[in-house]
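Engineer: This structure is in structure tokens; I'll ask about it shortly.
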Amino acid sequence: MLQRNKISILDSQPTPIHFLPTLSKELGVELYIKRDDLTPFGAGGNKLRKLEYLLYDAVQKGATTLLTVGGAQTNHGRLTAAVAAKYGMKCVIVSIDDYPGEISANILLDAIMGAEVVLKKNDGSDILLQYAETAAAVKVRYEAMGEKVYEIPMGGSNTVGMLGYYECAEEITAQAKEIGIEDAILYAGVGSMGTYMGLYCGLKNEGSPLGLTGIAILPFNEDSDKHIVEYFNQIKEEYNLTINASRQDFNIETGYIRGGYNNPDAAVRSAIYRMARAEAIILDPCYTGKVFAGILDMIDEGRIKKGEKVIMLHTGGMPGIYTKHHRVEFEKELIDHVTIIE
Ligand SMILES: Cc1ncc(COP(=O)(O)O)c(C=O)c1O
């Protein structure tokens, strides 16, 4: 057990794990889904678990404004806006993308929940530097208005945010025990890494029998190899973990990126239709559709064996379907399902 404090946004209720009977039969595996898309506020998703811990830290530090960063698609931005709205704080999200362009569905939701979104057109220079400079200028502006600003990194993935998935690992372990699937492998998307790292530390440090496989949803390069080890070491040091890990201990599939972050992809859409038509669960085109497409490929390739127990973590992200570059592709493929009567 780690020493940790949070503000309970999820009311300490576990999200359900659903067995997927139709897909299990079709695929020859025992397939389950952990419904973190059903977390309760701001249209739900994985980031609320991280934000329980980040919000506590922000409140402890007397913050009045939450400032975070992320691309136009950011679900993390949306859920930061949700938490700010619910707990009476201001929220500002710095987003660097290819503007002028469309306003993503998530940005609309941010604005609906009262957040300010600062859109900066990507000028092609170092993206992290652009984020740092833009966020610094926005922070100065808010401070000049008398606000105390708490900065949350991209995806909420720091040593505080990962605690949400450390706790989720314990929750899933208890649920798996109750269902009788402790020999299952948990599959989760890997973006800014906080979800995977929290799960990894929570499973290993608490001695869970569950396995863990990450599926990278954006290119996982040498910098990512370095970063994941550094991130683990920061956590180990901060919380005095007794476990050790090096790069090869992190089981992350890097071959299912499908053209890059948030890239529209036919196999991902097909995986989304398959889940929706068999189990009435909606995935998203940026993260969870990619994870499920990866699971389907791994089953086809025999890398997930017949009869294995698979728990897919549904991390949310459904508004991504309504983002223009995905939506146009969905519309082209789905128009046959629409009967028009003139
Ligand atoms: C819906 C969804 N799934 C998965 C992820 C990946 O989580 P992480 O960034 O913690 O790796 C994100 C991150 O933005 C997300 O929004």
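Just so it is clear, none of the values below were taken in a lab; they were calculated from the coordinates. If you're wondering where the values come from, they're calculated on a predicted model, not measured in any experiment. Neighbour counts are summed over all protein chains in view; Cβ atoms, including those assigned to glycine, are modelled from backbone coordinates with ideal geometry.
Engineer: In which sequence would His227, His76 go, from the one with the fewest C-beta neighbours within 10 Å to the one with the most? Show your work: numbers first, answer last.
Structural biologist: On the way: His227 15, His76 30.
In increasing order of surrounding Cβ atoms, one gets His227, His76.
Engineer: At Ala111 and Glu178, where each label point lies 7 Å from the Cα along Cα→Cβ, what is the point-to-point distance in nanometres?
Structural biologist: The modelled label-to-label distance comes out at 4.2 nm.
Engineer: While we're on this one: Treat every Asp and Glu Cβ in the stretch 47-156 as -1 and every Lys and Arg Cβ as +1, leave all other atoms uncharged, and give the resulting dipole magnitude about the Cα centre to the nearest 20 debye.
Structural biologist: 420 debye
Engineer: So, one more: If you rank Glu26, Glu171, Glu222 by fewest surrounding Cβ atoms within 10 Å, what's the result?
Structural biologist: Details: Glu26 13, Glu171 20, Glu222 7.
Sorted ascending by nearby Cβ count, the order is Glu222, Glu26, Glu171.
Engineer: Using only alpha carbon pairs under 8 Å that are at least six residues apart, calculate the relative contact order of the stretch 189-342 and give it in whole percent.
Structural biologist: 20 percent
Engineer: Could you work out the equivalent-ellipsoid semi-axes for the chain, taking the square root of 5 times each eigenvalue of the Cα gyration tensor, largest first, in whole Å?
Structural biologist: Here the semi-axes work out to 30, 26, 19 Å.
Engineer: What is the mean projected area of the alpha carbon convex hull for the stretch 47-156, to one decimal in square nanometres?
Structural biologist: 6.3 nm²
Engineer: Also, I was wondering about something else. For a quick check: with amide H placed at 1.01 Å from N, whose amide H comes under 5 Å from Leu212's, ignoring anything fewer than 5 positions away on the same chain?
Structural biologist: Leu186
Engineer: R0 = 22 Å: FRET efficiency of Ser12 with Glu206, Cβ-based, nearest 0.05?
Structural biologist: Taking R0 as 22 Å, the efficiency between Ser12 and Glu206 is 0.80.
Engineer: Now a separate question. Of Ile152, Val83, Gly114, which is farthest along the charge dipole of the stretch 47-156 in the positive direction, counting Lys and Arg as +1 and Asp and Glu as -1 at C-beta?
Structural biologist: Positive-end residue among those listed: Val83.
Engineer: What do you get when you divide the Cα radius of gyration of the stretch 236-342 by 2.2 N^0.38 Å, with N the number of residues?
Structural biologist: Taking the Cα Rg and dividing by 2.2 N^0.38 Å, one obtains 1.36.
Engineer: Rounded to the nearest 0.05, what FRET efficiency do Val140 and Thr254 give with R0 = 41 Å and r taken as the Cβ-Cβ distance? Could you check?
Structural biologist: 0.60
Engineer: Something else: Could you give the length gained on full extension between Tyr87 and Asn244, defined as 0.36 nm per residue of separation minus the Cα-Cα distance, in nm?
Structural biologist: That works out to 52.8 nm of additional length.
Engineer: Listing Ile311, Ile341 from the residue with the fewest other Cβ atoms within 10 Å to the one with the most, what is the order? Write down the numbers at each step before the final one.
Structural biologist: Details: Ile311 25, Ile341 3.
In order of increasing Cβ crowding within 10 Å: Ile341, Ile311.
Engineer: Using alpha carbons only, how many angstrom separate the centre of the stretch 221-253 from the centre of the stretch 1-78?
Structural biologist: The distance from the Cα centre of the stretch 221-253 to that of the stretch 1-78 comes to 22 Å.
Engineer: A follow-up question, please. Counting Lys and Arg as +1 and Asp and Glu as -1, each charge on the Cβ, what is the dipole of the chain about the Cα centre in debye, to the nearest 20? Please report the intermediate quantities before stating the final value.
Structural biologist: Numbers: 34 positive and 45 negative charges, 95 e Å.
Roughly 460 debye, rounded to the nearest 20.
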